[in-house]
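The values are calculated or read from the model by the stated rules, or taken from the named source; none is laboratory data. Note that the coordinates shown come from a computational prediction; the quantities given were computed from them, not determined experimentally. Positions of Cβ are backbone-derived with ideal geometry, glycine not excepted, and every protein chain shown enters the neighbour counts. Ligands, DNA and RNA are excluded from the accessible area calculation, which covers all protein heavy atoms including side chains. Shrake-Rupley method; radii C 1.70, N 1.55, O 1.52, S 1.80 Å.
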Amino acid sequence: MADFDTIIIGAGPGGYVAAIRAAQLGQKVACVEGRETLGGTCLNVGCIPSKALLHATHLLHETHENFEKMGLMGAHPKVDWQKMQAYKADVVSGNTKGIEFLFKKNKVTWLKGWATIPAPGQVKVGDETHTAKNVVIATGSESSSLPGVTVDEETVVTSTGALTLAKPPKTMVVIGAGVIGLEMGSVYARLGTEVTVVEYLDAITPGMDAEVAKSFQRILAKQGLKFVLGAAVQSVTKGKKGATVTYKLKKNDSEASIDADIVLVATGRKPYTAGLGLEALGVEMGPRGTIKTDAHFQTNIPGLYAIGDAIAGPMLAHKAEDEGMAVAEILSGKHGHVNYNVIPGVIYTTPEVANVGKTEEQLKEEGRAYKVGKFPFMGNARAKAVFQAEGFVKLIADKETDRILGCHIIGPAAGDLIHEICVAMEFGASAQDLALTCHAHPTWSEAVREAALACGDGAIHA
Ligand SMILES: Cc1cc2nc3c(=O)[nH]c(=O)nc-3n(C[C@H](O)[C@H](O)[C@H](O)COP(=O)(O)OP(=O)(O)OC[C@H]3O[C@@H](n4cnc5c(N)ncnc54)[C@H](O)[C@@H]3O)c2cc1C
C-alpha cells in the first residue's frame, strides 16, 4: 500500500491546484514545497507581488496625470517605499496563507522541504521517503540570464530582486522587452526612475500581434520608457556604483554602453528541475530544459507526470493551473483536458495588453483567409471618461465562416475583456454571435462588441 495516491512536487499554481482538485476527487494527496510558503513563483515572487506594485504605482501615476483634470486638487502623494513594500508583502502573505487554508480544508498534506525522486513511485523529503501511486512534478521555473552576466540580486537583478530593491533607483536598464521586463520597467518609470529597455529583437513583446506591439511601444515611450531595439547585449559590468551595459547594434555592428544604478535581466525563464534526480531515473527531456510529456502529462516513466512551467508551452500561471486540474482529473479516472488554442496572455501595464488565439502574422503564414474587425477605444465613451482612450480591440475571424480565430486588445481592462473572447472561442462562436449580444453601456466591453460589428456591416461609433 502506498502512503499516498498522488504526491505533487511544488506548490505553485500548477502543483497546488492539482493537489486541491485531486483531493476533491477523493484522492489521498501530499504536496511537497521547499519554500517557506505555498503558492510558488506566482504568489511569492511573480504575478501577485508584481501586480501589487503595478496597482500602487498606477494610482500614483493617476494622481500626477489625471487628478487635476477631474478637479481633484492638492499636494501629490509622496512615495513611502518601505510602506509600499509592506503593502506588497501583506498581499503576498494573505494569498499564500489562503493556499495553506485551502490545503487544510481539502485535507492535502503539506510535506515541507525539497524533494528528490529516488525511484519511480517514491519521493524523498529530508530523511523520509514517501510512496505514491503517482507522482506529479510541478517544480516550475527560474529566471534565466545571459552568458557572462552575473546576477547578484542587488545591482544586477532578476525580477525577484527587482521586486524588493532597497529604493527606487534613479536609472535602470531592463534587458529584454518581454512581459516581465515591461511590467517592472513600468513600475519604476512611474516612481520616477529613468528606464531604458534594451531588446535583441527589432520589436517589443515578441510573438505579439505586430500592430499591438507597435502601439504599445509608442504608448510606453510616451510614459517615459526609452527603447534600444535590435541590440545584442555584450556584457554587464558592475562598477563602484551601478553597472554598465554594453550592447552591439545589429544594424551596423556599432557598440555602445549605458550606465545604470540597477540592471534588470528579464530575458526569460527556464524550467527548474535541478536536484530532482531526473537524469538517474532516465526521464526524457524536451527542448530548453523542459520535461517531455505525452498528451496526458505523463513522462516516459509510468506513474511520473509533469505540469506547468516545467513542461512545454507558455510559462503562465493559468496554463499551469489548467494543467494541474487536468492531471488531477486524469489521475482520478476522468478526462482532464487543456485547450492550448485558447490560453489568454495579459500584460498588466497601463493600458493593459491582452491576446488570445491567432495573430494576423500567424494566419498569413498558415495561408488562412481571415478578416479583421478593429475598434479604437477613442470611440468608447467610458474609456474617454477615464482618460484611457488609447488603444483598440482587434478581432480576427475566419473570412468564410466568421468563426473567431483570435483577439488582440490594448486598452483599459484588456486583461478582463479578453475572457469574453475566450468563452466565445470555446463555444466556437462567430464574430456575429458577439455582435448580436447586447453589451451594457457605458462599459469598456462595448469596444469588443464594436470590433465584432466591424467584422460584419461595420462598427457604430467609429
Ligand atoms: C515577476 C513575474 C511576474 C509574473 N506575472 C505573471 C502574470 O501576471 N500572469 C501569469 O500568468 N504568469 C505570470 N508569471 C509566471 C508565473 O509565475 C508562472 O508561470 C507560474 O508560477 C508557474 O507555475 P508552476 O506551478 O509551474 O511553478 P512555480 O510557480 O514556479 O512553482 C513551483 C514551486 O515548486 C517548488 N519546488 C521546486 N523544486 C522543488 C523540489 N525539488 N521540492 C519541493 N519544492 C520544489 C518551488 O519552490 C516553487 O514554489 C510571472 C512570473 C514572474 C517571475
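Miscellaneous remarks
- Within region 252-276, if we keep just the residues that are open to solvent by less than 30 Å² (accessible area, probe 1.4 Å) and among the small types (Gly, Ala, Ser), the residue that is farthest from residue 289 (Cα to Cα) turns out to be 260.
- For beta carbons closer than 7 Å, sequence separation of 6+ or different chains, a first residue in region 4-17 that is within 19 Å of residue 316 (Cβ to Cβ) and a second that is more than 6 Å from the ligand (Cβ to nearest atom) and open to solvent by 20 Å² or more (accessible area, probe 1.4 Å), the qualifying pairs are 13/321; 14/321; 17/321; 17/325.
- Filter result for residue 14 (out of contact with any strand residue (DSSP E or B) (no Cβ under 8 Å at 6 or more places or on another chain), within 6 Å of the ligand (Cβ to nearest atom) and open to solvent by less than 20 Å² (accessible area, probe 1.4 Å)): yes
- Among the residues of region 105-163, those that are within 14 Å of the ligand (Cβ to nearest atom), of a type in the set (A, V, I, L, M, F, W, C) and farther than 21 Å from residue 276 by Cβ comprise 151, 157, 162, 163.
- Residue match in region 420-438 (condition: under 17 Å from residue 354 (Cβ atoms), part of a strand (DSSP E or B), touching a Leu at 6+ places or on another chain (Cβ under 9 Å) and aliphatic (A, V, I, L, M)): no
- Every listed requirement among (1) assigned to a loop (DSSP other than H, G, I, E, B); (2) within 16 Å of the ligand (Cβ to nearest atom); (3) of a type outside the set (Asp, Glu) is met by residue 270 save one, (1).
- Qualifying residues in region 293-314 (those that are of a type in the set (A, V, I, L, M) and in contact with a helix residue (DSSP H, G or I) (Cβ under 7 Å, 6 or more places away or on another chain)) - the one surrounded by the fewest Cβ atoms within 10 Å (Cβ to Cβ): 301
- Test result for residue 7, within 16 Å of the ligand (Cβ to nearest atom), part of a helix (DSSP H, G or I) and crowded, with 19+ Cβ neighbours inside 10 Å: no
- Qualifying residue in region 442-460 (condition: open to solvent by less than 20 Å² (accessible area, probe 1.4 Å) and under 25 Å from the mean Cα position of the chain (by Cα)): yes
- For residue 270, the conditions (1) over 30 Å from residue 221 (Cα atoms); (2) modelled with pLDDT of 95 or more; (3) touching a Lys or Arg at 6+ places or on another chain (Cβ under 7 Å) all hold with the exception of (1).
- If you go through region 410-441 and keep only what is crowded, with 21+ Cβ neighbours inside 10 Å and out of contact with any Phe, Trp or Tyr (no Cβ under 7 Å at 6 or more places or on another chain), you end up with 414, 418, 421, 424, 431, 434, 435.
- The one condition in (1) within 11 Å of the ligand (Cβ to nearest atom); (2) part of a helix (DSSP H, G or I); (3) out of contact with any Ser or Thr (no Cβ under 7 Å at 6 or more places or on another chain) that residue 309 fails to fulfil: (3)
- Number of residues in region 317-335 that are of a type outside the set (D, E, K, R) and within 16 Å of the ligand (Cβ to nearest atom): the value is 8.
- Options 74, 26; residue that is at pLDDT below 95, assigned to a loop (DSSP other than H, G, I, E, B) and either open to solvent by 20 Å² or more (accessible area, probe 1.4 Å) or within 16 Å of the ligand (Cβ to nearest atom) (or both): 74
- Subset tally (residues that are open to solvent by 40 Å² or more (accessible area, probe 1.4 Å) and more than 6 Å from the ligand (Cβ to nearest atom)) for region 29-44: 2
- Restricting region 137-155 to residues that are more than 22 Å from the chain's Cα centre (by Cα) and either without any contact (Cβ under 8 Å) to a residue 40 or more places away in the chain or outside any loop (DSSP other than H, G, I, E, B) (or both), the residue that is surrounded by the fewest Cβ atoms within 10 Å (Cβ to Cβ): 147
- Condition check for residue 132: modelled with pLDDT of 95 or more, over 29 Å from the mean Cα position of the chain (by Cα) and either surrounded by 13 or more Cβ atoms within 10 Å (Cβ to Cβ) or of a type in the set (Lys, Arg) (or both): yes
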